[in-house]
Structure formats: C-alpha cells, structure tokens
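One structure below.
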Amino acid sequence: MKAFVVDKYNKKGILRLAEMPEPKLQDSDVLIEIHAAAVNLLDSKVKTGEFRLLLPYSRPFILGHDVAGTVVRVGPKVRKFKPGDDVYSRPRDGRIGAFAEFIAIDEADVALKPKNLSMEEAASIPLVGLTAWQALFERANLRKGQKVFIQAGSGGVGTFAIQLAKHLGASVATTASAASAELVKGLGADVVVDYRKDDFEKILSGYDVVLNSQDAKTLEKSLDVLKPGGKLVSISGPPDPDFAREKGLNVVLRIVLRLLSRAIRSKARRRGVSFSFLFMWAQGDQLSKITSLIESGAIRPVIDRVFPFEATNEALAYVETGRAKGKVVIKVR
Ligand SMILES: NC(=O)c1ccc[n+]([C@@H]2O[C@H](COP(=O)([O-])OP(=O)(O)OC[C@H]3O[C@@H](n4cnc5c(N)ncnc54)[C@H](OP(=O)(O)O)[C@@H]3O)[C@@H](O)[C@H]2O)c1
C-alpha cells in the first residue's frame, strides 16, 4: 500500500511517499480502508523528533493521527465492528499511521462515523474532539452556568471546544484575530478578544476554567483570568508530574518534567487555582459519545482545506503556518 513515512527526524523533514506492507491485524484490531485523514500539529512534532523521548517510533514509520474509513477485515476478538462499517478514530500512540491506504487499529480506539458527516468531515474530528472532551468535560468538569476561556477559538481544538462548552451550558470567551471573529461567534463564542489588538488578561476575569493552547507567556497570563478555585488546563505544556506518572516515564524524565512545570505550578498554588497538563489519549467510547453529539446537531466540523493524498506534505506545511481556520484534511480515496 502507499503511505507517507518518516525516514529520519529533522526540522524540515519531508515525508517520503513509500510502498509499505499492508498492516498486520492483531486479535482485537479492525483493518480500515482509509478514505480520509486529518493533519495535526502533533504530526509535525513527531516528524521533527521533538516528541521522540515521549513517543519513540522506530523508523521508517507511517505518520498520521486521525482517520476515517471503512472496516474491511476484523480480528477474531473484535466484537463491536464488522466489515462494511464506516468508522473514525484517533489510533493510540505507538500505533499511528493515518497517512496511508490502510491502517489496523485496536477496536477500543474506534467509533462508528457520524452518519451526517462525509469521510473528510469525520476525519477532522477525533484528535481535537477527544482533546476538548477530555480537557473540558473530564478534567475541568465544566458545568452549566460556568465561564470558560478557550484560547485560539479558530484553530482545530478551539472550533470544537467552543461548541462543546456551549453544549455543556457554559459561557465562552475566546481569542481570535479579527478575520476569524465571525467564525467563532457563529460557533457560539459569547466574548471574542482580538489577540492582535487587546490583552485578554485585562478584559476577562472571574473565569472557572481556562483551556490554554499557546506559549508560556500566555499560560502565565491565563492565571489572571481565573477566579479562586478555578482550573487552568494546558494542552501546550509544560508537562507536569501527574502526566509523567500516568505515562510511566523513567525517573530522569520525571525529574525533568517536575522542573519544567515547577514555576507555573507554584504560581497557580499561590493564587488558589489548579494547573494541569493534558495529553489527550485514544478512546473509542468517548468518540462514540462525540458521534452522538454530532448526529444531534450540537457540534459540526469546521474544515479549512482538503488536500489530495499526493499533497500530504503540502497539507502538513499548511498546518505548520499556524493560520488554519478549523481543520486540514487529506482525501485518501
Ligand atoms: N496536549 C494535547 O493533547 C493536544 C491536543 C491537540 C492540540 N494540542 C496543541 O494545542 C495547540 C493548538 O492546536 P490546534 O490543532 O488547535 O492548532 P491550529 O489549528 O493549528 O491553530 C491555528 C489557529 O490558531 C490561531 N492562533 C494562532 N496564534 C494565536 C494566538 N496567539 N492567540 C489566539 N489564536 C491564535 C490562528 O488564528 P489566526 O490565523 O486568526 O491568528 C489559527 O486559526 C498546538 O500547540 C497543539 O500541538 C495539544
């Protein structure tokens, strides 16, 4: 099968279009014929080697963390899916490979595709949908009547997170450039701060939850927005000791992560708010709940551009500009 692979880690890293063997099916796997894949900044970080200590892959390996397609074969222990099912997934770390014609995924990471979405739309959902779900619903326990500040509302995570927060009954503030103000308002944002013109920390206050997805300075300023007892959840670092424990990292990495997050953890403590780092994980059951939300009309996909399979490197480069509005998708077939 055709696939885009990482041969070696380097900053400019172009993926090579290679002929690879069809994936081997484990007992609990489904083999999916891929129709569409989506691009995430995580792909770039894995491609350059930035994440190699946390996510070691032996090269060459197929890149890609988001997939939609049709089940063509199932392992003997598979119970939930059968050939012909249209599904989508964020395959678990260590078993990625969406930029290809086929992928084998543990059924625990798979869900039925929302019936009202095309394959391209479905592929745009799993990684950002699960991130928003795990950050707002699971980690922050966001509830009706609370106030949440979601940074970068026009991005992949932001476009989903705004809609999920509104569905949960929260009031939503977000940052966006002027060109994206209408988009984020259309998704339900109640307050839009133009981050190129205004300082959000001077405008927003008394928030229950902040979803941080930007740099260290933005993370620190986010503390000003929270009320006492509020929760700062960061998906852009720094990783904290709880994350190191969950991942079972070795003692050296645990110490490094403790040091990296020490400053923000102690600042948060002094202000009486909590800080936690989230690295999303694959979860088919949560993705099934997202399927229901999408089929009920509560959440819709936001797609910026669809690239043909041959243009996978161009799709990655486009995402790396940091300017995408919603998601960037690759049409595989
Ligand atoms: N830990 C995890 O599990 C996890 C999961 C998913 C993503 N992430 C991380 O979260 C971050 C966001 O991911 P994403 O997929 O949403 O990114 P993305 O889709 O590439 O974000 C692009 C968007 O960000 C906006 N933007 C850029 N700079 C901004 C700023 N300073 N303030 C507000 N908006 C800004 C851009 O809007 P304009 O063009 O209008 O400026 C653009 O619409 C990335 O660092 C990613 O790696 C982490």
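Kirkwood hydrodynamic radius of the range 150-216, from the reciprocal of the average inverse Cα-Cα distance over all distinct pairs: 11.8 Å. Surface listing: Thr321, Thr70 arranged by accessible area from highest to lowest gives Thr321, Thr70, probe 1.4 Å.
Across all directions, the average flat footprint of the convex hull enclosing the Cα atoms of the chain is 16.1 nm². When the alpha carbon coordinates of the range 1-120 are projected onto the principal axes, the ranges are 40, 30, 27 Å, largest first. Helix content alone sets the calculated 222 nm mean residue ellipticity of the chain: runs of n ≥ 4 DSSP H residues at -39500 (n - 2.57) each, divided across all residues, give -8000 deg cm²/dmol.
Taking each of Lys147/Lys289; Lys144/Lys247; Lys2/Lys289 in turn, the alpha-carbon distance tops 26 angstrom for Lys144/Lys247; Lys2/Lys289.
Using 1/(1 + (r/R0)^6) with R0 = 56 angstrom and r between the beta carbons of Ala178 and Asp27, what's the FRET efficiency to the nearest 0.05? Once rounded, the FRET efficiency stands at 0.60. By the Kirkwood approach, averaging reciprocal distances over each pair of separate Cα atoms, the range 64-106 gets a hydrodynamic radius of 10.9 Å.
Accessible area of Met20 (1.4 Å probe, protein heavy atoms only, ligands and nucleic acids ignored): about 40 Å².
Estimated from the Cβ-Cβ distance and a Förster radius of 45 angstrom, the FRET efficiency linking Asp198 and Leu259 is about 0.85. Think of the range 193-333 as a dipole: +1 on every Lys or Arg Cβ, -1 on every Asp or Glu Cβ, centred on the Cα centre; then among Leu204, Asn313, Ser261, Ser261 lies furthest on the positive end.
Using the empirical formula 2.2 N^0.38 Å as the baseline, the Cα radius of gyration of the range 44-199 reaches a ratio of 1.20. In the range 211-264, Rg over Rh equals 1.01, where Rg is the alpha-carbon radius of gyration and Rh the Kirkwood radius from pairwise Cα distances. Could you tell me whether the range 263-333 comes out rounded, prolate or oblate from its Cα gyration tensor? Rule is a ≥ b ≥ c as square roots of the eigenvalues, rounded for a/c under 1.5, then prolate if a/b exceeds b/c, otherwise oblate. Taking the square roots of the gyration eigenvalues as a ≥ b ≥ c, the range 263-333 is oblate. Our compactness index for the range 180-309, the C-alpha radius of gyration over the empirical 2.2 N^0.38 Å, is 1.26. Per residue, the solvent-accessible area of the chain (1.4 Å probe, heavy atoms of protein chains only, all protein chains present) comes to 44 Å².
Dipole magnitude for the chain: computed about the Cα centre from +1 point charges on Lys and Arg Cβ and -1 point charges on Asp and Glu Cβ, it is near 1020 debye. Across the range 114-154, the fraction of Cα-Cα pairs farther apart than 12 Å, rounded to a whole number, is 69%. Using heavy atoms of the protein chains and a probe of 1.4 Å, the accessible area assigned to Asp109 is about 10 Å². Classify the range 1-50 as rounded, prolate or oblate from the Cα gyration tensor: take a ≥ b ≥ c as the square roots of its eigenvalues, call it rounded if a/c is under 1.5, otherwise prolate when a/b beats b/c and oblate if not. Cα axes put the range 1-50 in the prolate bin.
Looking only at the range 177-207, which residues have a backbone nitrogen under 11 Å from a spot 7 Å from the Cα of Lys217 in the C-beta direction? Within reach of a label on Lys217: no residues. Per-residue surface analysis assigns Trp281 an accessible area of about 100 Å², computed on protein heavy atoms at 1.4 Å probe radius.
The values are calculated or read from the model by the stated rules, or taken from the named source; none is laboratory data. Quantities reported herein were computed from a predicted structural model and do not represent experimental measurements. All Cβ positions, glycine included, derive from the backbone under ideal geometry; neighbour counts span all protein chains shown. Accessible surface areas use protein heavy atoms only, side chains included; no ligands, DNA or RNA. Shrake-Rupley method; radii C 1.70, N 1.55, O 1.52, S 1.80 Å.
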